[in-house]
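Notes to accompany the following structure.
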Amino acid sequence: MRENEKLVKNLRKGRTTFLDYFMQFFSALVYSEVLIFVMFLSYFGCKDKLFGLSVLAQISIGLFINSVSKLIYAQGRPFYLFASIDRIGKCERDLGHPSGHAMMGLVAIILFIDWFLHEREVAQKYRMEIDNSRMNQMQQTSSNKNLAIFLYVFGSMVIFTIGLSRVYLGAHSFEQVLSGWAYGLLFIICYFTF
């Protein structure tokens, strides 16, 4: 665990007020209240209500799985384990393994991208029924692939930054963040498989 102390100290070498707020911003994106609020907005704004309800249910299931996992591992947070690591900003005082922010950041971002692309596809199918041009269909398919690639790359950067912010803020060890990402990835694989 001493490696975690070194990692946090190295991350904080160039610590500034701006960097503290930057990391707190990315960390705040994944508070459960924010996730549920955004997902409710997504549900009420979507054309395919069943798909929107499915995404909302997946977020809720993910939050439940994370809570149960924390109880099973019963591992503290770095600022409890090491006197040299102080927490920056708002930080939960519950158990820390796996990182809920890392897990749910991955789950929520991938689900939100999937939801967005699905909604776009539904809207385009409706438009194609009106404008049945073959050239228009090919352009939209190419545009959708490029947009999907962009969103998944951008989403991956945000997921990484959320995980990094949790270590920087002293809320989680790197192992807890990795575990959160692993749980999140497993959850997403199950979501797309079943």
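Compute, for the range 6-76, the length of the dipole vector about the Cα centre, with Cβ point charges of +1 (Lys, Arg) and -1 (Asp, Glu) only. Units Debye, rounded to 20.
Taking the Cα centre of the range 6-76 as origin, the dipole is about 440 debye.
Please give the per residue accessible area of the range 1-77, computed with a probe of 1.4 Å over protein heavy atoms only, in Å².
Solvent-accessible surface per residue comes out at 63 Å².
What is the extension gain from Leu186 to Phe116, computed as 0.36 nm multiplied by their sequence separation minus the C-alpha to C-alpha distance, in nm to one decimal?
Here the answer is 23.1 nm.
Using +1 on the beta carbon of Lys and Arg, -1 on that of Asp and Glu, and nothing else charged, what's the dipole of the range 1-42 about the Cα centre, debye to 20?
340
So what are the ³J(HN,Hα) numbers for the range 166-171, from phi and the Karplus equation (6.51, -1.76, 1.60; θ = phi - 60°), rounded to whole Hz, Gly and Pro as x?
Going residue by residue, I get 5, 6, 4, 6, x, 7 Hz, with x marking Gly and Pro.
Using a cut-off of under 11 Å, list every residue of the range 103-119 whose amide N is near the label point 7 Å from the Cα of Ala148 along the Cα-to-beta-carbon line.
114, 117-118
The values are calculated or read from the model by the stated rules, or taken from the named source; none is laboratory data. On a predicted model such as this, the values are computed, not experimentally measured, just so you know. Here the Cβ is made from the backbone with ideal geometry for all residues, glycine too, and neighbour counts use every protein chain on show. Just the protein is used for accessible areas: all its heavy atoms, side chains included, with ligands, DNA and RNA removed. Shrake-Rupley method; radii C 1.70, N 1.55, O 1.52, S 1.80 Å.
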